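A.B. asks: Sharing a structure, written as structure tokens. Questions coming.
Quick note: the coordinates plus some simple rules give every number you see, no bench work behind them. Bear in mind that the values here come from a model prediction, so they are computed numbers and not experimental data. In this analysis, Cβ positions are derived from the backbone assuming ideal geometry, glycine residues included, and neighbour counts consider all displayed protein chains.
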Amino acid sequence: MTIEVRVPTLGESVTEATVATWFKQPGDAVAADEMLCELETDKVTVEVPAPAAGVLAEHVAAEGETVGVDALLATLTEDGAAAAPAAKSEAPAKSDDAPASSGGAGESVKVMVPALGESVSEATVSTWFKKVGDTVAADEMLCELETDKVSVEVPAPAAGVLSEIIAGDGETVAAGAQLAVISAGEGAAASAPAAAPAAAASSAGAKNAPSAEKMMAEKGISASDVQGTGKDGRIMKEDVQKAASAPAKSAAPAPAPAPRAPVAASDADREERVKMTRLRATIARRLKDAQNTAAILTTYNEVDMTAVMEIRNQYKGEFEKKHGTRLGFMSFFVKACVHALKEIPEVNAEIDGNEIVYKNYYHVGVAAGTPQGLVVPVVRDCDQMSFSQIEAKISELGKRARDGKLSMAEMQGGTFTISNGGVYGSLMSSPILNPPQSGILGMHKIQDRPMVIDGEIKIRPMMYLALSYDHRIVDGKGAVTFLVRVKEALEDPRRLLMDL
């Protein structure tokens with residue numbers, strides 16, 4: 001019986017992914033739920049398990065290929081017949097024109113742009129990892145393409161010598177266009193040693209993440225100098241970032257150069273121009289679209305954090321001992337926002353065509369910084385959660401975000417967002433909406449300031465709050481009232497218990 005392995009759901013707004021690594025090869029026996037391959041989207045990595053036990057019969061989508069949701073990735077043979085894949089793998093060896101066995105000049109093999117996805121018709125050549133004259137092994141990465149959503153690596157279709165590059169760095173190419181030419185056969189035997197150091201994890205049978213390979217090539221870092229933390233020692237992008245930021249190894253001091261007269265350099269000589277990637281260009285366009293589509297307005301207030309800080313200092317030890325998680329500020333802000341959203345429901349709504357959709361549930365996105373950038377995991381049904389449950393969930397999502405383990409589902413469906421620029425020292429900012437949401441709260445740095453309290457000047461820990469909102473849905477009165485309710489709940493947390 002043949003069993004199909006298909007691309008799982010990737011999230012509401014994600015329609016395609018790139019096959020990063022196959023952990024199993026045709027002919028391998030696999031157990032149910034054993035990981036077969038890994039897919040990469042522009043935000044997360046998704047592992048694909050075997051739907052049943054059997055033998056992997058065929059790879060339908062190779063490493064580096066872009067696949068859509070529910071696309072066929074591979075097939076399994078449930079009856080355990082491994083003979084068919086074995087026979088298939090031997091077929092190339094019997095072919096008279098097999099590139100690997102040819103000792104002559106060999107044939108020319110075209111390197112083509114792979115399928116980019118149903119809605120993607122073109123890509124930009126981002127980086128060539130090989131140059132003309134280099135020997136390449138079959139399936140060795142030649143170059144990387146960038147689309148609006150993902151990066152696609154192009155492997156060599158055969159072993160040989162890269163004889164011509166048709167589309168250079170920065171050129172835009174259509175799906176199915178020719179990228180390069182490989183002279184298959186000649187030099188193929190020599191290409192195997194060249195490909196050997198591609199990954200420190202290769203001895204364990206694990207291939208590095210494509211994003212890691214790209215970064216190592218860009219930064220001139222050898223895989224032997226990187227400690228892989230992925231599955232089976234696989235090198236991930238964050239491993240390369242860590243290696244790049246490590247102090248350089250000490251070397252014998254070079255002799256001091258002879259003194260030279262200083263040469264004046266123009267401003268242009270000291271500038272560096274780097275073409276914007278398609279991904280960065282898309283992010284820029286979408287942020288601008290949010291500003292152009294929504295009528296974004298920001299209102300400000302400030303909150304005295306004395307009461308929250310006193311409660312936190314008094315109970316944090318007991319809280320952590322009982323619940324196994326630290327008591328932070330974010331649970332207070334989430335609770336205060338839910339309290340205010342119930343009174344001002346338009347801040348928890350969105351526009352859909354000519355209709356306003358009011359959300360009678362409270363899924364709060366909490367922005368988190370990671371080595372890959374800012375992500376916004378969502379804490380669902382916050383109104384039904386206790387302080388300890390909120391803190392535990394935020395801690396769990398934050399760790400998964402830093403480890404690059406968030407799923408797309410965990411970053412979808414938010415109805416309101418909280419962004420804490422205060423952790424980076426921001427004193428004041430105007431956050432941009434996260435469409436289609438109509439509101440986002442910006443938290444900022446807590447700073448001691450002199451305040452007039454009951455006619456006396458006292459030093460209080462103050463924080464500026466900023467609410468950016470879509471003025472098409474939320475009027476000024478609603479926005480100001482929302483922020484005042486958040487302020488009141490934080491300055492007197494007992495109001496949350498009394499639902500006041």
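A.B. asks: If amide H atoms are built 1.01 Å from N in the plane of the peptide, which residues on other chains or at least 5 residues away come under 5 Å of the amide H of Phe416?
C.D. replies: His363, Gly365
A.B. asks: What list do you get for His339, His444 if you sort them by fewest beta carbons within 10 Å?
C.D. replies: Ascending number of Cβ neighbours within 10 Å: His339, His444.
A.B. asks: What FRET efficiency comes out for Ser430 versus Asp475 if R0 is 22 angstrom and r is the Cβ-Cβ distance? Round to the nearest 0.05.
C.D. replies: That pair, Ser430 with Asp475, gives E of 0.75.
A.B. asks: Over all alpha-carbon pairs in region 336-376, figure out the percentage whose distance exceeds 13 Å.
C.D. replies: 61 percent
A.B. asks: Ok, one more. Quick check on the exposure proxy: order Tyr424, Tyr362 from fewest to most C-beta atoms within 10 angstrom.
C.D. replies: Fewest-to-most ranking of Tyr424, Tyr362: Tyr424, Tyr362.
A.B. asks: Which aspartates and glutamates, if any, have their Cα less than 15 Å from the Cα of Lys477, not counting same-chain residues under 8 positions apart?
C.D. replies: Glu343, Glu346
A.B. asks: Which ³J(HN,Hα) values, rounded to whole Hz and listed in residue order, are derived for region 316-322 from phi using the Karplus coefficients 6.51, -1.76 and 1.60 in 6.51 cos²θ - 1.76 cosθ + 1.60 with θ = phi - 60°, glycine and proline given as x?
C.D. replies: 4, x, 5, 4, 5, 5, 7
A.B. asks: Quick one: which residues, 5+ away or cross-chain, put their amide H under 5 Å from the amide H of His444? H built at 1.01 Å from N.
C.D. replies: The list, which skips near neighbours in sequence, is Gly422, Tyr464.
A.B. asks: For a quick check: sort Glu34, Glu350 by the number of other beta carbons within 10 angstrom, fewest at the front.
C.D. replies: Ranked by crowding around the Cβ, least crowded first: Glu34, Glu350.
A.B. asks: Would you report the distance distribution of C-alpha pairs in region 362-500 as whole percents per 5 angstrom bin, up to the bin with the largest distance?
C.D. replies: Taking every Cα pair in region 362-500, the percentages come to 2, 9, 15, 20, 22, 16, 9, 5, 2, 1, 0.
A.B. asks: Next up: What's the lysine pair count for region 353-462 at a Cα cut-off below 25 Å, pairs eight or more apart or interchain?
C.D. replies: Number of lysine pairs found: 5.
A.B. asks: Compute the separation of the alpha-carbon centres of region 372-432 and region 13-63 and state it in Å as a whole number.
C.D. replies: The two parts, judged by their Cα centres, are 29 Å apart.
A.B. asks: Using only Cα atoms, what Kirkwood radius does region 267-366 have, in angstroms?
C.D. replies: The Cα-based Kirkwood calculation yields 18.5 Å.
A.B. asks: Let me ask another. Which length gain, in nm to one decimal place, applies between Gln178 and Ala284 when the Cα-Cα distance is subtracted from 0.36 nm times their residue separation?
C.D. replies: 35.2 nm
A.B. asks: Gain in length, Met309 to Ile166, computed as 0.36 nm per residue apart minus the alpha-carbon separation, to one decimal in nm?
C.D. replies: 45.2 nm
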